[in-house]
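Each remark here refers to the structure printed beneath this line.
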Amino acid sequence: MKKCKSCQTEIDAKATKCPHCQTDQRGWVKRHPFLTIILGLVIFFIIGSNSSKNTTPTSNTTTKTNDAKSQPTTTSVSKAPAVPAEYRSALNKATTYANTMHMSKKGVYNQLVSEYGEKFSPEAAQYGIDNVKTDWNANALAKAKTYQDSMSMSPSAIRNQLTSDAGEKFTQAEADYAIQNLNK
């Protein structure tokens, strides 16, 4: 016997729901296997993406000889200013969310700046969004297929989920593309 997590009534130790209050007794991982897999993949890709792309050359120096004086002169050729580390990190995270989890542009941005997410500055998050290489239509289609295959949702319900501010936050055009190409 064990106590219910919610009402503290004695219940069978193998019970997955309390017979009195109907509270699910399983742990978070067992209640949310799909999210657990996604979080595991995100962590895997974050660790992998942080181990590369850490050096950026900022200038080249060339030496040439001036024939009249026979003394070498140094000319510095400057490249574009270095991108701040926070901005590069935000881009790496944006790439992971967009290309691994198939999130929308607005969804990625919100995840990057969220106090419960990545906590990047709005400027760094915007840099990540502006420079991520992804196909937002393809992301909407991938999400739509997931909803259709794993949740058996209707096209209308999928469109609503894709465009909802409480859902995926895709644009109407991206959702329309997804629904038009859902069964192709």
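The values are calculated or read from the model by the stated rules, or taken from the named source; none is laboratory data. Bear in mind that the values here come from a model prediction, so they are computed numbers and not experimental data. Reconstructed Cβ throughout: ideal geometry from the backbone, glycine too, with neighbour counts over all protein chains shown.
Can you tell me how many residues within segment 154-175 are charged (D, E, K, R) and surrounded by fewer than 17 Cβ atoms within 10 Å (Cβ to Cβ)? Write out each step before concluding.
Going residue by residue through segment 154-175, those that are charged (D, E, K, R) are 159, 165, 168-169, 174.
Filter once more, keeping what is surrounded by fewer than 17 Cβ atoms within 10 Å (Cβ to Cβ): 165.
Within segment 154-175, residues that are charged (D, E, K, R) and surrounded by fewer than 17 Cβ atoms within 10 Å (Cβ to Cβ) number 1.
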Quiz prompt | Scan of segment 111-133 for residues that are part of a loop (DSSP other than H, G, I, E, B), at negative phi and surrounded by fewer than 17 Cβ atoms within 10 Å (Cβ to Cβ), ordered by number | solution = SER114, GLU115, TYR116, GLY117, SER121, LYS133
Quiz item: So, in segment 136-167, of the ones that are assigned to a helix (DSSP H, G or I) and charged (D, E, K, R), which residue ends up nearest to the chain's Cα centre (by Cα)?
Solution: LYS143
Quiz item: How many of the residues making up segment 138-153 are crowded, with 18+ Cβ neighbours inside 10 Å and closer than 22 Å to ASN92 by Cα?
Solution: 3
Exercise. Could you tell me whether LYS53 is outside any helix (DSSP H, G or I), modelled with pLDDT under 80 and within 21 Å of the chain's Cα centre (by Cα)?
Key: yes
Quiz item: If PHE170 passes every condition in (1) assigned to a helix (DSSP H, G or I); (2) of a type outside the set (Lys, Arg); (3) at pLDDT 95 or above but one, which one does it miss?
Solution: (1)
Practice problem: For residues that are farther than 13 Å from ASP135 by Cα and in contact (Cβ under 8 Å) with a residue 40 or more places away in the chain, scanning just segment 97-110, find the one that is surrounded by the most Cβ atoms within 10 Å (Cβ to Cβ). | Solution: GLY107
